[in-house]
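Asks: Dropping a structure here in structure tokens format, bear with me for questions.
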Amino acid sequence: ACTHSSTKEFQKQCKIPTEKQVDFETLECLGDAVVYLIVFDLLAEHRIGREVDQISCTRNSLVTNCALAVIAADVHLERCLMKAYPVPKKTLADQLEAVIGAMFCDQGYLKTRAAVRTLFNFSSETQNSIASKEHG
């Protein structure tokens, strides 16, 4: 989950067979879907927005590349990324999605949900803040 595609040339130089070369793009795609699902689930659980489209709109405002990059930076995820060059914020967001995708594959929905709840800081205070924005 922490190998950037920029390392493909390095992996070739190390004579790693093509079929064994890895990068995080597949897990990123899965993680993207998992993050959307879990954040929607958390919002619905706490009744943040009465209508599905309200919940979806709130989810879309919370799950952005910028927000994911901030979370990734907060937990120093870049230190874990095997990369050939410095990465932009979008790549940090992608990396976080990849880690969440890997966690989902390894630990299942409930443990991944707990981690996403923590990463997105779904505390009572956060929920109340989101709810007041929705109704105010």
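The values are calculated or read from the model by the stated rules, or taken from the named source; none is laboratory data. As the structure is a computational prediction, the values presented were derived from the model and not from experiment. Because the Cβ atoms are built from the backbone with ideal geometry, glycine has one as well, and the counts that use them run over all protein chains shown. Side chains are part of the model used for accessible areas, which takes the heavy atoms of the whole protein and leaves out ligands, DNA and RNA. Shrake-Rupley method; radii C 1.70, N 1.55, O 1.52, S 1.80 Å.
Asks: Determine which single condition LEU37 fails, assuming it passes every other condition in (1) at pLDDT below 85; (2) open to solvent by 60 Å² or more (accessible area, probe 1.4 Å).
Replies: Just one mismatch for LEU37, condition (1).
Asks: Filter segment 29-64 for residues that are among the acidic types (Asp, Glu) and in a helix (DSSP H, G or I); which is nearest to ALA93 (Cα to Cα)?
Replies: So in segment 29-64, the residues among the acidic types (Asp, Glu) come out as 32, 41, 45, 51, 53.
Now drop any that are not in a helix (DSSP H, G or I), which leaves 32, 41, 45, 53.
Details: ASP32: 10, ASP41: 20, GLU45: 25, ASP53: 24 Å.
Among those residues, the one meeting the criterion is ASP32.
Asks: I'd like the residue in segment 97-127 that is surrounded by fewer than 16 Cβ atoms within 10 Å (Cβ to Cβ) and not in a helix (DSSP H, G or I) and, out of all such residues, is modelled with the highest pLDDT.
Replies: Once the filter is applied, the top-ranked residue is GLY108.
Per-residue answers, yes or no, for (1) hydroxyl-bearing (Ser, Thr, Tyr); (2) more than 18 Å from ALA102 (Cβ to Cβ):
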site: PHE24; (1), (2): no, no
site: GLU28; (1), (2): no, no
site: GLY31; (1), (2): no, no
site: VAL35; (1), (2): no, no
site: ASP41; (1), (2): no, yes
site: GLN54; (1), (2): no, yes
site: CYS57; (1), (2): no, yes
site: THR64; (1), (2): yes, yes
site: LEU68; (1), (2): no, no
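Asks: Here is a further query. Return the residue satisfying two criteria in turn: it lies in segment 81-92 and is over 13 Å from the mean Cα position of the chain (by Cα) and open to solvent by 80 Å² or more (accessible area, probe 1.4 Å), and of such residues it is modelled with the highest pLDDT. Write out each step before concluding.
Replies: Filtering segment 81-92 down to residues over 13 Å from the mean Cα position of the chain (by Cα) leaves 81-88.
Within this subset, residues satisfying the condition of being open to solvent by 80 Å² or more (accessible area, probe 1.4 Å) are 82, 85-86.
Numbers: MET82: 61, TYR85: 58, PRO86: 65.
Among those residues, the one meeting the criterion is PRO86.
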